[in-house]
Each structure stands twice: as structure tokens, then as C-alpha cells.
1. What FRET efficiency comes out for H141 versus R76 if R0 is 35 angstrom and r is the Cβ-Cβ distance? Round to the nearest 0.05.
2. At q = 0.15, 0.18, 0.19 Å⁻¹, what log₁₀ I(q)/I(0) does a Debye calculation on the Cα points of the range 170-304 give, no solvent, two decimals?
3. Considering only DSSP beta bridges whose two residues both sit in the chain, what percent are antiparallel, to the nearest 5?
4. Can you give the charge dipole size of the chain about its Cα centre, rounded to the nearest 20 debye, using +1 on the beta carbon of Lys and Arg and -1 on the beta carbon of Asp and Glu?
5. Expressed in nm to one decimal, what extension gain is obtained for the pair A61 and R217 from 0.36 nm per residue of sequence separation less their Cα-Cα distance?
6. Would you mind checking the pairs K19/K310; K64/K94; K94/K339; K94/K474; K78/K169; K169/K233 and listing those with alpha carbons more than 27 angstrom apart?
7. How compact is the range 191-243 by the rule of thumb for globular proteins, expressed as Cα Rg over 2.2 N^0.38 Å?
8. Using the heavy atoms of the protein chains alone and a 1.4 angstrom probe, what is the accessible area of the chain per residue in square angstrom?
Amino acid sequence: MATSPKAKAPKNSPIRPWKREPGWDKLAPGEEKRLEEYCADYIDFISDTKTERRVHDHLLALAKKQGFQDLDQVARGKTLLKPGDGVYRSMDGKTLLLARVGKAPLEEGLNLVGGHADCPRLDLKPCPLYQDEELVLLDTHYYGGIKHYQWLAMPLAIYGVIIRRDGTKVEVAIGDGPKDPVFCITDILPHLDVDQSKQTMREGVRGEKLNVVCGSRPVSKEKEDKEIPQKAKLNILHLLRETYGIEEEDFASAELEVVPAGRARELGFDRSMVLGYGQDDRVCSYAAARAVLDFQGIPQRTMGALVVDKEEIGSYGRTGMDSTFLPNSVAELVAATQKNYSDLVVRRALEHTRMLSADVGTLADPDYKGANSDGNMGRLNCGLQINKYDGHGGKGGASDASAEFMAHVRKVFNDGKVVWQLCELGRPDVGGGGTIALYMARLGIEVVDCGVGLLCMHAPWEIAGKLDIYMAYKGYAAFLANA
Ligand code: MN
Ligand code: MN
């Protein structure tokens, strides 16, 4: 075993214990104003973009406004991209790459920050509409890890797309407009819940019970149809035809998502937090995209924000990160930046890429101290979280970042005056989770998890601290420019 070089610090330098503390005092003069402005933008963003498609469309519109070009078209054309040029690449209107070309050749690698835009929710089933008793209901299959009981007896909105028989597309967004109706899932009254209250929280409200009430008014006499005895359902079918021009079979080619209705809000007397739907992981993916869009000048290394789909159900499918989207995008970038395309350059670019897997972490919750990983637990508004590893039970399924890469990220954050904290998800034996990091690491990319801590993650309304929200933006910007 080799001996290590002698420590360089002089013996009389002061001892500096590492402290996890609220970051407000570490803000530069005037920075708190920028923090509030950024958080106001963020609150508007998550209030308006409650599906992955809406996140994609919103960010793409911002990029196009700044002159970002379609990478696939550039790569097929004759002109090469120049350093400083902005490009985007989109998959199915759900997954998006925003990139700025750097001065250094691509084979030296990219700086990437990747988050996801899909969130836990209730998807309508392929045959959703039915009537039972006097109610018309929509049958759902939940998406991602939800606690079923949290979705009952609250206002809900429906977003998504329906492709009609003739191939035309209709967008649905109902429940958040000031005059819109909302939707709701029923719960049993406490007077009659003797059976339910004896069950575990998981069994008490089964996934099959997550049926969304969407109507009850019977169809008028003149529209009655002997074939359809369920008059209230028939009425809804009439309304759907009048409003969206659809018939019942059109649900076959639809993606409709039931989400909480209502805007995100500032939380607390001191307005130090944000309560909103879908902060896992729009708090990170928005920060990543904004960091690329707001960057001024020409970056040294090519930088990119990845906003991906399907993370909550395992990153599968062609819009998930366990797909060809990123390697193909890097290949297109190589084709668009140099005369002679080479697969070897693509592989070299991937192996030299540095990346933050930008996903949310958890926070110490005074009401659930039993889950805390004591000294390694994230604390609210103590800064952007770095998670060296995630996974569960003995780091199972984790992409464990190297000490060398941790040192690199730490230096970039310290130089950029980013308030950050070291975390793990929670006690090793109480649970766990994963992100897109392992799919990136598989491509040879150096990657570490780094994101905002949340309270009540995956609940219809999640809590994030404003300082942490802003530090994600500041930290990702520092990483993209200087990693
Ligand atoms: Mn997430
Ligand atoms: Mn999640």
C-alpha cells in the first residue's frame, strides 16, 4: 500500500467542523431579492405545467424564443453549429434536451443536468367512463408511488390529449381555470368507517377505489337513447362530444392525467416555503432548464439540461432515461458540430461527460423522526442536497458516485458560493429509492444525485424550502458552466 502525501494544511490553521445550517445568512447582498423572483417564476411554472407534456411545451417555447434550433434538423443540414449556439431535441412531446454548444470539442464531454417532468398522478384507464348508482365515474390506474388515501375528497383537475378517430388531436385542461368545474374521489364518512378504520393505511383505500366522480345529471328527455339506459353517463357522452368532439372509443387513444386542482402557493407566515403539486421533480428540471436558458456567453464545455419522462415508473419506455434518447442526442450533436461523424467521438463524449442527476431528496420531518438518518439527513433550507448514493438496503440499485467526482462537484459548488448539504435518503433499513443516475452511469457518464429536499414527497401537495429551490438553480448553473 502506498503512503499518502502529507496533509498540506498548516498545523495552526483553525479547525472547521462541517455544519448543516440554514443558508439565509450565506446569501450575498441583494441575492434574497433574486431568490424571491426566481421562486415567483417557479410557482407560476408549476401551477401552469401539471403534466410532462405541458412542461415540455412550456420549456420548448422559452428555448425557441431564445433562438434555440431543432438539433435533428441541424444535424441533417449542411451548416455546422458554432460555439454558443443553442439547440433542442424532443421525443414525443414529453422528453426534452436543451443544449448550448461549448468551445471545447465534444469528445471532451458535456456538462449535463437531468431531471424528470413526470409526477405521481392518476391516469385514466383505456375504458374509463361508467355509471354506478347515480354517479358517473372515471376509472383510473395510479402512476408512480402514491399513498392512495391522500387523493380522496379534494378538488382534482384533468389534463392531457385525446387523438380522435380521424387522427386530429384535442388538448384537455379542465379544473384549474377560474370558472372550471373540478373532479373528486369520494371517501367514506367517519360515521360508517368501522371496517375501513380497522385496515392498514394501504388496504383501507385500494387503488381500485380511486374512481373520479365526473357527473350525475341525467340526459334530457329528447336526447334519451334506449340502447344506453344509464342516463347520466349518456349525458356526459353528449357533453364530451359537444366540448371536445370526441366519442367514447376515442379514450382508446388518449392520455388523460388526474392531478390536484389549484395553484402552488407560498407556505408559512414568513413565506419561506412553497406548497405545490409536482415539485418532484419539476423543482429540479425547471432549475436545470432555466440554468441553460439563462446562461450568457459561450460555455467552455457543451452544456445541456435533460428533462425526461417516466422516471416515476422506472425510467422505461422510449421517453424514459433507460432508452436511446441521450446517446442518440449526443450522436446528433456530434453530427451537427463536426464534418466527419464518428461513433468513437460519441463514445468518448459520453465517457467524459459529467452530470448531476437532478432529483428531489427528503428532509428531516419533526413528526417522523424515526425515518431520519440522523447526521446524514437533509434539513429544510440548508441548501442543495448532494446524495453520493441512493438505492435501498445496502445501497442496492445505487449509482454510487466516486470520491473523486464528489470532490469535483464540491469544489464547483464552493467556488460558485452555492449553499449545499450532504444527504442520504433516510435510514438504511426503512426504505429507499432510485433516480435516473444509474442509467446515465451505464453510458460511462460520471454522475451524482443532487437536488432539492422535499417534505411529503409524492403527496398531492409537496413542500420545498425557497432557499433550496433557488440553490438548485444556482448550483446547476455553476455546474453547467464550470464542471
Ligand atoms: Mn423524482
Ligand atoms: Mn419521485
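1. Once rounded, the FRET efficiency stands at 0.35.
2. With one equal scatterer per Cα and no solvent, log10 I(q)/I(0) is -1.08, -1.23, -1.26.
3. Here the share of antiparallel DSSP bridges comes out near 70 percent.
4. 2000 debye
5. Net length gain for the segment: 52.2 nm.
6. Table pairs above 27 Å Cα-Cα are K19/K310; K94/K339; K78/K169.
7. Scaled against compact globular proteins, the figure is 1.73.
8. On a per-residue basis, 49 Å².
The values are calculated or read from the model by the stated rules, or taken from the named source; none is laboratory data. Small disclaimer: the values here were computed from a predicted structure and weren't measured. For neighbour counting, all protein chains shown are included, and Cβ atoms are generated from backbone atoms with ideal geometry for every residue, glycine included. Surface areas here come from the heavy atoms of the whole protein model, side chains and all, with no ligands, DNA or RNA. Shrake-Rupley method; radii C 1.70, N 1.55, O 1.52, S 1.80 Å.
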